[in-house]
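To start, the structure itself, in structure tokens.
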Amino acid sequence: MQFIRDLDAHPDKAVSFSDNTTPGALYLGIRVGGSLIDPYLLADSLIHEHRHQKLYLLQREVPLVEEDRPLVPSPWREDLRPPSGLLHAIFVFVHLGEYWQHLADNGGTRELRTRAIGELAIIRERIEVGFPTLRGTQLTIYGRELVDRLESVFRGQTVVAAAAGGD
């Protein structure tokens, strides 16, 4: 892990990234605004970048996308993305959904559970949009199998429908 500060990013934005040329390296911003990042957002960033790293390593050994064109819309970005970018987003956010689901179910405070329910709703909505788009791209058989598995995990996740309970 390398702690970073992005001088070009909005000061209230949590910044993190990973790079396929540095296997296992996670670059994490630990400040948001004028203070340290909260532990739940830091955990989100760790999971997020770890998932990217896992997929980078898989992609070194297994072809997942036949043709990384045309560019497609991604519910996480305003710009169009190559299919491999949308695959990365879904790969990351399916498992971030598990994290926020855990906090929604087991968070220690009402505030945390409410926050987790909100994060989970956004993630689930975007994944629902992303899957059909990704399935319309030119994936290899391995890529289709991975998407099938991710969708199975996603569909098996519990959906928090009720408001967060008491403390």
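What the phi angles of region 17-34 give under the Karplus curve with 6.51, -1.76 and 1.60, with θ = phi - 60°, is a coupling list of 7, 9, 9, 6, 8, 10, x, x, 7, 10, 10, 10, x, 10, 10, 10, x, x Hz, glycine and proline written as x. Using a Gaussian network model of the chain with C-alpha springs under 10 Å, which one of S18, S45, S152 is most mobile by mean-square fluctuation? Between S18, S45, S152, it is S152 that shows the largest mean-square fluctuation. Take the Kirkwood radius over Cα pairs of the chain, plug it into Stokes-Einstein at 10 °C and 1.306 mPa s, and you get 93 µm²/s for translational diffusion.
Put a dot 7 Å past the Cα of L57, heading toward its Cβ, do the same for Q138, and the two dots end up 3.0 nm apart. The angle separating the long axis of helix 141-156 from the principal Cα axis of greatest extent in the chain is about 30 degrees. Less than 5 angstrom separates the built amide H of V32 from those of I37, all sequence-distant by 5 or more or on a different chain. Note: relative contact order over region 31-167, using C-alpha pairs below 8 Å and six or more positions apart, is 29 percent. Region 100-157 and region 2-36 have Cα centres spaced 23 Å apart. Potential lengthening of the chain between L80 and E67 amounts to 3.2 nm, from the contour at 0.36 nm per residue minus the alpha-carbon distance.
Computed per residue of the chain from DSSP H runs no shorter than four, each worth -39500 (n - 2.57), the mean residue ellipticity at 222 nm is -18500 deg cm²/dmol.
Rolling a 1.4 Å probe over the protein heavy atoms of region 37-79, with every protein chain left in place, gives an accessible area that is 54 percent carbon and sulfur. Summarised as an ellipsoid, region 34-105 has semi-axes of 26, 15, 12 Å, derived from the eigenvalues of the Cα gyration tensor scaled by 5 and square-rooted, with the largest first.
Relative to the longest principal axis of the Cα atoms of the chain, the long axis of helix 39-61 makes an angle of roughly 10 degrees.
Of the peptides 97-107, 22-32, 1-11, the order by per-residue mean of other Cβ atoms within 10 Å, starting with the highest, comes out as 97-107, 22-32, 1-11.
The simple spin-label model puts a point 7 Å past each Cα toward its Cβ; for E151 and H102 those points are separated by 2.7 nm.
The values are calculated or read from the model by the stated rules, or taken from the named source; none is laboratory data. Everything numeric here is computed off the predicted structure, so don't read it as measured data. In this analysis, Cβ positions are derived from the backbone assuming ideal geometry, glycine residues included, and neighbour counts consider all displayed protein chains. Calculation scope for accessible area: heavy atoms of the full protein, side chains included, ligands and nucleic acids excluded. Shrake-Rupley method; radii C 1.70, N 1.55, O 1.52, S 1.80 Å.
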